[in-house]
1. Would you mind checking the tilt of helix 62-92 against the longest principal axis of the Cα atoms of the chain, expressed as 0 to 90 degrees and rounded to 10?
2. Please compute the length gained on full extension between residue 82 and residue 22, using 0.36 nm multiplied by the number of residues separating them and subtracting their Cα-Cα distance.
3. Kirkwood hydrodynamic radius (Cα pairs, Å) of the chain?
4. Return one number: the angle in degrees, 0 to 90 and rounded to the nearest 10, between the long axis of the Cα atoms of helix 3-26 and the longest principal axis of the Cα atoms of the chain.
5. Full-extension gain between residue 5 and residue 61, please, as 0.36 nm times their residue separation minus the C-alpha to C-alpha distance.
6. Any chance you could list the semi-axes, whole Å, largest first, of the equivalent ellipsoid that the Cα gyration tensor gives for the stretch 35-86, using √(5λ)?
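Coordinate-derived values only; no laboratory data. If you're wondering where the values come from, they're calculated on a predicted model, not measured in any experiment.
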């Protein structure tokens, strides 16, 4: 493979990676915990919504609800990061190539 072909291949991978990441960033990820909290987050890690079951809203449940929301958000971020790594590995053949 000559240098021009390698450069063209790298540019193609960059375009594919950019397109795949744009699709990921628009994708919605949903996670429910304990039937109390549902968090919907976009692939760009922006929270779309948080739904708290009305039966869970009691002063005694405040800390549990906060912990559940944090757990949902952290798990969704991990899920999104994993999917982003899979996209990079699929397109570049390596994880974290950084295009």
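1. 10
2. 20.1 nm
3. Over the chain, the inverse of the mean reciprocal pair distance is 15.6 Å.
4. The helix 3-26 is inclined about 20 degrees to the chain.
5. Between residue 5 and residue 61, full extension yields an extra 14.1 nm.
6. Each semi-axis is √(5λ); the values are 25, 10, 7 Å.
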